[in-house]
Amino acid sequence: MSSMLKYYGAELNKRRHELLMSAGGSDALEWEGERSRGGDRARSWLRTKANSIEGGTSEVQLNIIAKRLLELPGA
Amino acid sequence: MALVLDEQQAMLQESARNFLADKAPVAHLRKLRDGRDADGFSRDLWKEFAEMGFTGVLVPEEHGGLGLGHVEAGTIMEEIGRNLTPSPFLSTAIVGVSALLRANGERKGELLPKIAAGDLLMALAVDERAKHGPRQVALSAKRSGNGFALSGTKTFVVDGHVADVLIVAARTAGAPGETDGLTLFLVDPKTTGLEVKRAVMVDSHNAARLTFDHVQVDADAVLGEVDAGWAVLEGVLNVGRGAVAAELVGCGEEAFGRTVSYLKERKQFGRAIGEFQALQHRAAHLYSEIEITRAAVLKALQQLDQKPESAEPFVAIAKARAGKTATLAVQEAVQMHGGIGMTDAIDIGLFMKRVRVAEELFGDANFHADRLARLKQY
């Protein structure tokens, strides 16, 4: 269950920030400057890419779900 | 027409590939970024672009260029994408030249040879809001003296802060949202009342914000016809979109190639991570996406050369697919590289940043899917 939440939460947060970047358009792409509050949105977007790597990758979480929860065969 | 490069195009691609890998690999972008270079690109490299003939790739031979087409220009864009090379090639040699080719005789004859020689930079100022919307142009151009006075703002003007001549889309009639009443002007960025501010972007490439406060231009600054700038603007934008799609193919393919190498090298749980079938399938899927996108982009570039009047749907497909495919490629690249992909120590993150900006430039995948749906009357 915790694997599912970690997997889903990480992927959802990445999608959420992709959407924010898309909605923000060229303003969200500014790395420096007042209008972008120092590239706030872009920096947050990049940070989310680590969500599916840190604390056990999404691939590891999926393996756990497949093997422990669904009891699918294999190593 | 076969969806492959002919012999001459393949030769040009090879020379662009060798030249850019040698003179402007990703380390070149890093150096400009880390040195906080005021221009954001290398003028020495631009001189070499001119010596290679790249600056004049689309310039007709009678004006000192190579007189080649969009497929050829696309091969150079693809290599630029592969190396993340910052240069005014898109804004000047592709978009700028395409606009001048649609201009009146005098300015054309004056400016094209300068571009081919590497002595003149241009930039296209269209968007005023955060999302691409050429119909939404509101910047006003009112008749004044023997010309016009321009007032309003522009954003995401690629290479705007280094351009010697700006191409500005302005409204001489009608309301934002309408295609009639648009006029293109060639504007000297040093004109009184015009403020040009560089914006440092996430990908360390150039863009600028412009503010026009009663900027006075002469009547001969008009590019094309007054009130009838839309057709020219769309033609120029389509050329730019095709070129950016080619750049995205280069970015995506390079990020993918580096990832496949990493899958073969990186050992975890006692074996190469590329042995895991879950990753093999994702890599195989991505390979397929890239190949189909490459074909769609080449098709669009061929149409721009042979039947520009009917290129629009092909360009929409190409830009939409290229944005989606390159985005998938860089996202998979970061994830499959794991923790190291997040760091600035390797180049993968730089590809993700560039792809995000190129996806937004001249309309994202949603914009182009919408355009295609409307064109086909879905």
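Just give me a number: lysine pairs in the range B:58-155, eight or more positions apart or cross-chain, with C-alpha atoms less than 25 Å apart.
So the count of such lysine pairs works out to 4.
With angles folded into 0 to 90 degrees, how steeply does helix B:7-23 sit against the dominant principal axis of chain B? Use alpha carbons for both and round to 10.
On a 0 to 90 degree scale, this one is about 80.
Quick one: Kirkwood hydrodynamic radius for the range B:1-64, alpha-carbon pairs, angstrom, one decimal?
On the way: mean 1/r = 0.0726 Å⁻¹.
Evaluated over the range B:1-64, this radius sits at 13.8 Å.
Once you treat every alpha carbon in the range A:18-75 as an equal point and sum by Debye, what is log10 I(q)/I(0) at q = 0.14, 0.24 Å⁻¹?
Result of the Debye calculation: -0.55, -0.88.
Which parts of the range B:141-156 would a label at B:Q216 reach, counting a residue when its backbone N lies under 15 Å from a point 7 Å out along Cα-to-Cβ?
B:142-151
So which lysines pass the test for B:K31, namely a Cα distance under 19 Å, with those fewer than 8 places away in the same chain ruled out?
In chain and number order, the partners are B:K23, B:K47, B:K353.
If you rank B:T192, B:T172, B:T259 by fewest surrounding Cβ atoms within 10 Å, what's the result? Please list the in-between numbers first.
Values: B:T192 8, B:T172 19, B:T259 26.
With the sparsest Cβ surroundings first, the list reads B:T192, B:T172, B:T259.
Mean 1/r over all different Cα pairs, inverted: what Kirkwood radius does the range B:217-281 give, in Å?
After inverting the mean inverse Cα-Cα distance, the result is 16.0 Å.
What are the semi-axes of the equivalent ellipsoid for the protein assembly as shown, taken as the square roots of 5 times the Cα gyration tensor eigenvalues, largest first, in whole Å?
For the protein assembly as shown, the semi-axes come out at 40, 24, 20 Å.
For chain B, what is one quarter of the convex hull surface built on the Cα atoms, given in nm²? Show your work: numbers first, answer last.
Numbers: hull surface 75.5 nm².
The Cα convex hull of chain B, projected and averaged over all directions, gives 18.9 nm².
What is the dipole size for the protein assembly as shown, taken about its Cα centre, with +1 at each Lys and Arg Cβ and -1 at each Asp and Glu Cβ, in debye to the nearest 20? Can you show the working numbers first?
Numbers: 55 positive and 60 negative charges, 373 e Å.
Charge dipole, the protein assembly as shown, about its Cα centre: 1800 debye, nearest 20.
For q = 0.08, 0.14 Å⁻¹, what log10 I(q)/I(0) does the range B:34-190 give under the Debye formula with an equal point scatterer on each alpha carbon and no solvent?
-0.25, -0.75
Considering only the other residues whose Cβ falls under 13 Å of the Cβ of B:E7, what net charge follows from Lys and Arg at +1 and Asp and Glu at -1?
-3
Of B:G147, B:M201, B:T85, which is farthest on the positive side of the dipole of the protein assembly as shown, counting Cα position, with +1 on Lys and Arg Cβ, -1 on Asp and Glu Cβ, and the Cα centre as origin?
B:M201
Run the simple label-point estimate for B:D37 and A:M1 please: 7 Å along Cα→C-beta, distance reported in nm.
About 5.6 nm separates the two model spin labels.
Run the dipole for the range A:25-65 about the Cα centre, Lys and Arg Cβ at +1, Asp and Glu Cβ at -1, nothing else charged, and hand back the magnitude in debye, nearest 20.
Using Cβ point charges on Lys, Arg, Asp and Glu, the range A:25-65 gives about 60 debye.
Can you give the charge dipole size of chain A about its Cα centre, rounded to the nearest 20 debye, using +1 on the beta carbon of Lys and Arg and -1 on the beta carbon of Asp and Glu?
For this selection, approximately 200 debye.
Read-outs throughout are calculated quantities, based only on the coordinates presented, and are distinct from any laboratory measurement. Owing to the predicted nature of the structure, the values given are computational and were not obtained by experimental measurement. Note that each Cβ is placed from the backbone with ideal geometry, even for glycine, and that neighbours are counted across all protein chains shown.
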